[in-house]
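Peer 1: This is the structure I have questions about; it appears just below.
The values are calculated or read from the model by the stated rules, or taken from the named source; none is laboratory data. What you see is a predicted model; the values in this text were computed from it and never measured. Ideal geometry is used to build each Cβ from the backbone, glycine not excepted, and the neighbour counts take in all protein chains shown.
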Amino acid sequence: MSHEVMEQAKPLSWRPVTESSALSAVPSSARDAVLKFYFGPMDCGKSTLALQMNYNHGRQGRRGLVLTKHDRSGGPKVTSRIGLGLEAIEVHDSLDLVRLVTGVRDRVDYLICDEACFYTVEQIEQLADLVDEYGVDVYAFGLASDFRSVMFPAAQRLFELADEVCRLQVEVLCWCGRPGQLNARVVGGAMVRTGEQVVIGDTDASPVRYQVLCRRHHRSGLLGEGSPN
């Protein structure tokens with residue numbers, strides 16, 4: 001057998017997976033960038049998943065930005081109901097997300113966009129531009145509908161533009177035991193159906209709270225035993 005044939009027949013040698021190779025950076029050109037929208041009612045773990053996803057991507061050497069708007073903490077943070085939290089960039093209505101990302105000195109591989117339902121429709125368009133024109137992965141998290149069960153404009157645009165739309169599977173229950181699907185706004189112990197679309201509740205300074213209900217009880221307005229409704 002000639003030397004040339006022997007070289008061709010030489011078996012492939014696979015490099016063993018080590019701690020350093022397992023954590024090596026994922027090449028940005030390995031696949032097309034994606035826009036994903038994860039949605040669900042309150043308490044289904046959206047912010048928890050956002051924090052976990054940021055950790056996983058960072059562990060693989062990827063560089064990202066974490067964004068939020070109207071977090072329950074009242075500050076520029078992503079916080080979860082189970083006690084996790086991380087500093088974030090507050091998305092004001094006037095913030096141009098393309099300029100934000102392209103103005104960063106180091107390359108941005110991905111965005112974690114919590115509370116994306118509160119962004120402007122124009123900002124959702126900018127997220128799509130970042131995916132298509134700049135190869136940035138965008139992972140958006142938020143509610144689909146408001147306290148009236150009407151879809152948020154930004155959420156609707158995400159449904160229309162996202163490569164993948166994922167309903168979170170963490171089970172959230174209505175007080176009756178049925179699956180919780182919709183968020184009710186409660187003021188003074190009673191469910192309300194009028195008012196501004198976005199009102200931050202569940203804080204010490206706000207008289208407004210929110211409760212997850214099944215469709216039947218969201219339509220009837222029943223909040224459970226002892227409710228004035």
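Peer 1: With the requirement that a residue be closer than 26 Å to Asp106 by Cβ and of a type in the set (Gly, Ala, Ser), what does the stretch 133-161 give you?
Peer 2: Within the stretch 133-161, Gly135, Ala140 meet the criteria.
Peer 1: Looking at Val104 and the list (1) within 27 Å of Val165 (Cβ to Cβ); (2) at pLDDT 85 or above; (3) of a type in the set (A, V, I, L, M, F, W, C), which single condition is not satisfied?
Peer 2: Only one criterion in (1) within 27 Å of Val165 (Cβ to Cβ); (2) at pLDDT 85 or above; (3) of a type in the set (A, V, I, L, M, F, W, C) is unmet by Val104, namely (1).
Peer 1: Could you check the stretch 151-168 and list, in sequence order, the residues that are within 12 Å of the chain's Cα centre (by Cα) and assigned to a helix (DSSP H, G or I)? Talk me through it step by step, then tell me what you get.
Peer 2: Keep residues of the stretch 151-168 that are within 12 Å of the chain's Cα centre (by Cα), which gives 155, 158, 165-168.
If the condition is that a residue be within 12 Å of the chain's Cα centre (by Cα) and assigned to a helix (DSSP H, G or I), then Ala155, Leu158 are the ones that fit.
Peer 1: Quick check on my filter: what residues within the stretch 52-80 are in contact with a Gly (Cβ under 8 Å, 6 or more places away or on another chain) and either more than 20 Å from Ala128 (Cα to Cα) or not in a strand (DSSP E or B) (or both)?
Peer 2: Let us first name the residues in the stretch 52-80 that are in contact with a Gly (Cβ under 8 Å, 6 or more places away or on another chain), namely 54, 57-58, 64, 73, 77-80.
Listed by number, the residues that qualify are Asn54, His57, Gly58, Ser73, Lys77, Val78, Thr79, Ser80.
Peer 1: Kindly indicate whether any position in the stretch 81-91 is in a helix (DSSP H, G or I), out of contact with any His (no Cβ under 7 Å at 6 or more places or on another chain) and aliphatic (A, V, I, L, M).
Peer 2: Taking the stretch 81-91 and keeping what is in a helix (DSSP H, G or I), we get none.
Checked against the condition, which is being in a helix (DSSP H, G or I), out of contact with any His (no Cβ under 7 Å at 6 or more places or on another chain) and aliphatic (A, V, I, L, M), the stretch 81-91 yields no hits at all.
Peer 1: If you check every pair at least six apart or on different chains, which have Cβ atoms under 6 Å apart with a residue in the stretch 85-98 that is in the same structural domain as Val121 (by TED's automatic domain parsing) first and a residue that is aromatic (Phe, Trp, Tyr) second?
Peer 2: Val91/Tyr119
Peer 1: I've got another one for you. Looking at the stretch 116-167, which of its residues are among the basic types (Lys, Arg) and modelled with pLDDT under 95? Step through it out loud before you land on a result.
Peer 2: At the first step, the residues of the stretch 116-167 found to be among the basic types (Lys, Arg) are 148, 157, 167.
If the condition is that a residue be among the basic types (Lys, Arg) and modelled with pLDDT under 95, then Arg148, Arg167 are the ones that fit.
Peer 1: Which of (1) of a type in the set (Asp, Glu); (2) more than 22 Å from Gly61 (Cα to Cα); (3) in contact (Cβ under 8 Å) with a residue 60 or more places away in the chain is the odd one out, the single condition Asp109 does not satisfy?
Peer 2: Checking Asp109 against (1) of a type in the set (Asp, Glu); (2) more than 22 Å from Gly61 (Cα to Cα); (3) in contact (Cβ under 8 Å) with a residue 60 or more places away in the chain, the one that fails is (2).
Peer 1: What is the number of the single condition among (1) in contact with a Lys or Arg (Cβ under 8 Å, 6 or more places away or on another chain); (2) surrounded by 15 or more Cβ atoms within 10 Å (Cβ to Cβ) that Gly195 does not meet?
Peer 2: (2)
Peer 1: Next question, about the same structure. I need a count of the residues in the stretch 28-50 that are crowded, with 19+ Cβ neighbours inside 10 Å and outside any loop (DSSP other than H, G, I, E, B).
Peer 2: Residues that pass the stated criteria total 9.
Peer 1: Met191 versus (1) modelled with pLDDT of 90 or more; (2) touching a Phe, Trp or Tyr at 6+ places or on another chain (Cβ under 7 Å): which is the lone unmet condition?
Peer 2: Status for Met191: all satisfied but (2).
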